[in-house]
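The values are calculated or read from the model by the stated rules, or taken from the named source; none is laboratory data. Every value quoted in this text rests on a predicted model; they were computed, and no experiment measured them. Every residue, glycine as well, gets a Cβ built from its backbone with ideal geometry; the counts of neighbours run over all protein chains shown. Accessible surface is based on the protein model in full, side chains and every heavy atom, while ligands, DNA and RNA are left aside. Shrake-Rupley method; radii C 1.70, N 1.55, O 1.52, S 1.80 Å.
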Amino acid sequence: MQFKFQLGTKAYFGIGCIKNNKKEIAATGTRCLIVTGRSSGKASGALDDVINVLNELSISYSVYDRVENNPSPENVEDGGRAAREFNADFIIGIGGGSPLDASKAVAVLAVNDIAPLELYKNSFPNPPLPIIAIPTTSGTGSEVTPYSILTRADLETKMSFGNEQTFPKIAFLDARYTESMSHDTTVDTAVDALSHAVEGYLTKRSTPLSDAIAIEAISIFGQCIDNLLNNNFDMSMREKLLYSSMLAGIVISQTGTSIVHGMGYALTYFRDVPHGRANGLLMAEYLKFNYDNLPEKIDNILRALNVKSIEEFGSIMDKLIRNDVTFSEDELEKFSRNTENHKSIGYNLKPVKYDDILQIYRNSLSK
Ligand code: NAP
Ligand code: ZN
């Protein structure tokens, strides 16, 4: 047994965790740039809670609320400029994966005079500003991962950067902030978390410790399936989804993701399919593709979910996620060419060729 397991985030979980642990904010810095999306910070109530605490602590702050969904290098460059102009010494990211990922890029660009694409060198002359991450979705786990995923128009896909310095220093996870999510965003992001745990469990980079965490995340998702199908989003279920998403984030912080994410990026880039939904559309066929190679592990996943077969899992996904986009064969071929060389493809244990990718797309999307 040989593996490395390193986390970089101190996580506080529970209702009121920001207010109850405000000393952590006081110890982080004196000038804060809050990085958030157009509506999620306000709608969730997290922005008000953060501002109240910053005022109580007499910490100066400025709000950058122009993070786009699936942020681009230009978008984070703009945020980096805002951090410099304000002379921020720490960043608080509030939102779903888009603002949290953006806050990592902003934390680097605030103190490094580099073009945004140089983020992908993953080596920065100056250490990034400290980041506090507050999720308002239960999906990406970005609050406990070092990754920042940006949309690369030059490559027509999405690509991550990140190193040990880009882990948020602190994460505050309060499930009340996820209550304002729409039905679709709740379901799509829950499915994203599931796909992190599943891909992390099956990738060639998995470890015994990440596997134990992955199975726990998958089993908690399994406990939520009936409620997700019946639109029963009470607070105990919101807490479970947030916890499962955090666990799944810890998994991919060690293992990365794999072909579901690599293939899903094309659906988001070319057709604007939300990130989690894109993964959900592909997951059953991904399990079928890998079954001959990893039967025990895939059986463990099904058992943890309390479903009998990949077919039953696929029909649950069909009920959970809405696919209102149709795809032509030409498009699927284009997506397959686009995805073939994505680095996540190489992390699948069983080798994946162009024809395999095209077949998974066809089976998943041409129903
Ligand atoms: P998102 O793109 O951050 O947000 C989706 C939508 O939901 C936005 O319109 C957002 O509003 C809204 N929203 C978020 N929280 C809300 C709340 N509590 N109440 C009301 N509306 C809310 O979605 P996401 O799925 O969480 O993140 C996806 C991004 O994360 C993608 O770019 C993906 O590639 C990345 N990702 C990162 C990792 C990682 O490890 N770092 C892992 C997986 C995925 P606003 O427009 O106001 O923000
Ligand atoms: Zn994801």
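Here region 250-320 and region 141-160 have alpha carbon centers that stand 19 Å from each other.
Which is the longest stretch in the chain that no exposed loop site breaks, taking sites as chymotrypsin sites (Phe, Trp or Tyr not before Pro) with a DSSP loop state and at most 16 other Cβ atoms within 10 Å? Answer - 6-367.
Largest first, the residues Lys334, Lys343, Lys121, Lys104 sort by 1.4 Å accessible area into Lys121, Lys343, Lys334, Lys104. Rounded to a whole number, what % of the accessible area of region 244-296 do carbon and sulfur atoms account for, probe 1.4 Å? That fraction is 46 percent. Relative contact order, whole percent, for region 238-367 stands at 34, derived from Cα pairs under 8 Å and 6 or more residues apart. Using a simple spin-label model with pseudo-atoms 7 Å out from Cα toward Cβ, Lys353 and Asn126 lie 5.1 nm apart.
Summing charges over neighbours of Ser328, with a neighbour being any other residue whose Cβ is under 12 Å away from its Cβ, gives -1 when K and R count +1 and D and E count -1.
Take every Cα pair under 8 Å whose residues are at least 6 apart in sequence, average their separation, divide by the length of region 1-103, and the relative contact order is 37 percent. Only helices enter the 222 nm calculation for the chain: every DSSP H run of n ≥ 4 contributes -39,500 (n - 2.57), and dividing by all residues gives -16500 deg cm²/dmol, rounded to 500.
Think of a 1.4 Å ball rolled over the protein heavy atoms: region 10-137 then has 40 Å² of accessible area per residue. Accessible surface area normalised per residue over region 222-367 is 43 Å², counting heavy atoms of protein chains with a 1.4 Å rolling probe. If R0 is 41 Å, the Cβ-Cβ spacing of Lys4 and Glu74 corresponds to a FRET efficiency of close to 0.75. The label point for Lys42 and the one for Asn55, both projected 7 Å from the Cα toward the Cβ, are 1.6 nm apart. Length gained on full extension, Ala153 to Arg84, computed as 0.36 nm times the residue gap minus the Cα-Cα distance: 22.3 nm.
Antiparallel beta bridges, as assigned by DSSP with both residues in the chain, represent about 20 percent of the total such bridges. Once the Cα-Cα distance is subtracted from the 0.36 nm per residue extended length, the Thr326 to Arg205 segment shows a gain of 40.2 nm. Over the chain, what is the mean sequence separation of C-alpha contacts under 8 Å (at least six apart), divided by residue count, expressed as relative contact order in percent? Relative contact order here is 16 percent.
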